[in-house]
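Take a look at the structure below.
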Amino acid sequence: MFESPTLQTLTDYNIWIALPAIALAFGTMFLLVIDVFLPANRKHWTPILALVGIGISFLINLFTYNPEQTSTFGGMFVADAFTGFLNIVVLITAFISVLLSTDYLRRTETNHGEYYILLLLSATGAMFMVGANDLIVIFIGLELLSIPLYILSAFRVTYTDDRDATFVLKSEESGMKYFILGAFSSAFLVYGSALLFGATGTTNLREIFAAVGPILESSAENSGALLLLIGAALSLVGLGFKIAAVPFHMWTPDVYEGAPTPITAYMSVAAKVGGFAALFRLMIVGLSGLTLDAGVDPAAWQGTIQVIAAVTLILGNFVALSQTNIKRMLAYSSIAHAGYILMAVAAVGSAGLVPDIANTAAQAGLVYLLAYAFTNLGAFAVVLALENNDGTGTELSDFNGLYNSRPMLALAMALFMFSLTGIPLTAGFMGKWLVFSAAVQAGLIPLTIIGVLTSVISAFYYVRVIVNMFLLTEDEGSPAVGETAPVRYAVYASMAGVLIVGIAVPLVTNLVNMVSLV
Amino acid sequence: MIQFDFSTIAFFVFAVLTLGGALGVVTNRNLFRGTIWLMVSLFGVAGLYVLLSAPFLAAVQVLVYIGAIAILFTFAVMLTRSLTRLNVRYTRLWPSALGAVLLFAMLVIGVIWPVFGGNELYNQPISDVVRTTTDLGVALVSGEGYVLPFEVASILLTGAMIGAIVIARDADEEEMEQ
Amino acid sequence: MVPLSWYLIVSAALFSIGVFGVLSRRNGVAVLMGIELMLNAVNINLVAFWRYNTTIASVTEPVPSELSGMVFAAFMFVVAAAEVAVGLAIIITVYRNWRSVIPEETDTLRG
């Protein structure tokens, strides 16, 4: 009945295709042991080893990047270009976040090895999630992504005796809010998954896809479609929290403001990557056939996602206009960007009508995520450089005259702001261009118009930062206490990423053109 | 119609325990009593597992949920004991109640009843073939089964353990000196 | 035997009570109890679907997907345990520093 695994059976199961994620998990466990035995004056090796682990996983991922869809673990984990591409995004995010963390932890006196281990565990969860092809793995991966993040956002809690320090309290509060809303939302996600399982009798996304057709056809159980719809809706509520889509966004500004800045940078990207990966897979692989009248109607969930995307775009961009704290402004901006990626998800809904739209839209969403990752990480790196040890220095006015004191940082921030707006020759433009054209191809003209208009509005608050930095020359500019060598490397890496994605377009499109989910 | 045999009566008993306990949890002003109600509710759920031919899950429910999680709640309530008795029982009472009732109505009237209510197919399990605990165990570790989520779950538990310790411990001596 | 829909109704009721608990309570521990009720509701659903599902029956040799419901429920235990451990740790720490576990009274952050 059951044989103990030999090397041969391991090869039969083809587990090598999950190697990038497995390698990172293994490296993390290794680091956990190493960190305990490192003497106190050698603790600076922990982040270096963490970077090495991420690097090894990155290399393995590049070597195993393959366009063919191979699956393992009984079809639960799929390695295709989609997985490979998002693995790259996750690993870059983790790498830059570790770079940002080293000196930040030291100067805020929260330097503990467990920080890096939790960060890597969260990245591991994200990597398992992007390859997940099964509701169970999606759920477990999401929890592995989230639970370390709850702790990390409260990480500035215990290590101070100064109980009046506001930033410590903010960090605690942020961890608690994030935890409660995160746990609440994953309960919704999993209730939705249970209903999908009840309707189809399986948790595998491909088998769900196969089961959707017969359920819709059989008249005796015609109302089974209802079960699928409500299951999809509840899953959408759960994932909507993770990607910070309106109306499930209310935790975002508080948590982003309160969490330690490197963690804010990390979770603004990683949580979105995980959430959108699950959403794309669920909607394309699992439920793209869920339409009321095949060949005539788009997928039944398309309307809902369109409305959510539109509301997210409008609310995110308009509220961002009135923010005075840069971390809160970037939080609302990240809500708005979730709206743009949701446009790509909505475009997938026309899969039954427009040929090949599912792949085009998924590719657009992936490029957008990569562009967003570089840009947002870079922007948070600059914010971190300006942040004082007590958590102040993140108001918009702190950027006044930055060009005088730190011209390089000011130029970098300007580039990131242009990229977030979507100015040509930056990564943000590529992402927006692809997403908008996918939406137009899918026939979602009103949504595209909202997307373009809100992009124009977003220019106001992004450009305001640039104006503060360059034109308010009578100010001395921030001393940028956090601008140390690793932070500078992180800024340069992000700048390079933004420019490469924006200018060397074929490089990215060649990678992403291999992505095919259907 | 439904005959009132043993399993039906048992179902009603456990359903009442589950829902009654749950109502006790959300209405009780005293948090310590709330945890006792939570145990009652969790016990009712364990009973439902037995009726559904999942004795292993019922045992795990008693051991993990009642034996560990509910006890953890008890500890938490004791450690925060000045708050055990809440001054404000609810905020947003009516909107939340309305939301919960709407959700329930949507689930039952909108989905469960039309799909399963009138459908004879779902009145009985198709057969008495039930998987044993051995099947579950093999499935959890076999390569064609659920070994991936099993391993990821073990990493998850490690992470949660590290995290809980990191966040809850006091500043240790070395930091005190600083 | 009891029809499947009865189990589902109990589960939906438990889930709704849990949602009510989360939305209406201000105390962190009480909110977490509400979340536990919701997770239990999911578990009832999973096990009931597993038991009644037409795709399960009549086969004698087990294939993995037949066990999905029960396995999923087993993983829910793991996740619930992890969430409670981490959640209570955060709540107790917040309490220690604030003497309060009421989410809305911790208000250095603007809402």
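Considering only residues of segment B:147-171 that are out of contact with any strand residue (DSSP E or B) (no Cβ under 9 Å at 6 or more places or on another chain) and under 18 Å from residue A:79 (Cβ atoms), which is nearest to the other protein chains (Cβ to nearest Cβ)? My answer is B:152. Of all residue pairs spaced 6 or more apart or on separate chains, those with beta-carbon atoms under 6 Å, a first member in segment A:57-73 that is in contact (Cβ under 8 Å) with a residue 12 or more places away in the chain and more than 14 Å from chain B (Cβ to nearest Cβ) and a second member that is assigned to a loop (DSSP other than H, G, I, E, B) and surrounded by 13 or more Cβ atoms within 10 Å (Cβ to Cβ) are A:67/A:514; A:69/A:80.
Just to be sure before I move on: is residue A:110 more than 8 Å from chain B (Cβ to nearest Cβ), in contact with a Phe, Trp or Tyr (Cβ under 6 Å, 6 or more places away or on another chain) and modelled with pLDDT under 95 in the structure I sent? It is true that residue A:110 is more than 8 Å from chain B (Cβ to nearest Cβ), in contact with a Phe, Trp or Tyr (Cβ under 6 Å, 6 or more places away or on another chain) and modelled with pLDDT under 95.
For (1) more than 7 Å from chain B (Cβ to nearest Cβ); (2) farther than 15 Å from residue B:14 by Cβ, each residue gets a yes or a no:
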site	(1), (2)
C:5	no, yes
C:9	no, no
C:30	no, yes
C:42	yes, yes
C:49	yes, yes
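Taking segment A:209-236 as the range and being within 11 Å of chain C (Cβ to nearest Cβ) and either assigned to a helix (DSSP H, G or I) or at pLDDT 85 or above (or both) as the test, the residues that pass are A:211, A:227, A:230, A:231, A:234. Restricting attention to segment B:13-53, the residues being in contact (Cβ under 8 Å) with a residue 60 or more places away in the chain and closer than 18 Å to residue C:73 by Cα number 1. Counting only helices (runs of 4 or more DSSP H) wholly contained in segment A:398-448, the ones carrying 1 or more residues that are under 20 Å from the mean Cα position of the chain (by Cα) occupy A:407-421, A:427-441.
Being modelled with pLDDT under 85, within 25 Å of the chain's Cα centre (by Cα) and not β-branched (Val, Ile, Thr) is the requirement here; does residue A:288 meet it?
yes
Residues of segment B:79-101 being in a helix (DSSP H, G or I), at pLDDT 65 or above and in contact with a helix residue (DSSP H, G or I) (Cβ under 8 Å, 6 or more places away or on another chain), which ones? Correct list: B:79, B:93, B:95, B:96, B:97, B:99, B:100, B:101. Here segment B:96-113 is the region considered, the condition is being among the β-branched types (Val, Ile, Thr) and surrounded by fewer than 16 Cβ atoms within 10 Å (Cβ to Cβ), and the residue that is nearest to the other protein chains (Cβ to nearest Cβ) is B:101. Scanning segment A:460-487 for residues that are of a type outside the set (Val, Ile, Thr) and surrounded by fewer than 17 Cβ atoms within 10 Å (Cβ to Cβ) returns A:460, A:464, A:471, A:472, A:474, A:476, A:479, A:485.
The values are calculated or read from the model by the stated rules, or taken from the named source; none is laboratory data. Quick caveat: nothing in here was measured; it's all calculated off a predicted structure. In this analysis, Cβ positions are derived from the backbone assuming ideal geometry, glycine residues included, and neighbour counts consider all displayed protein chains.
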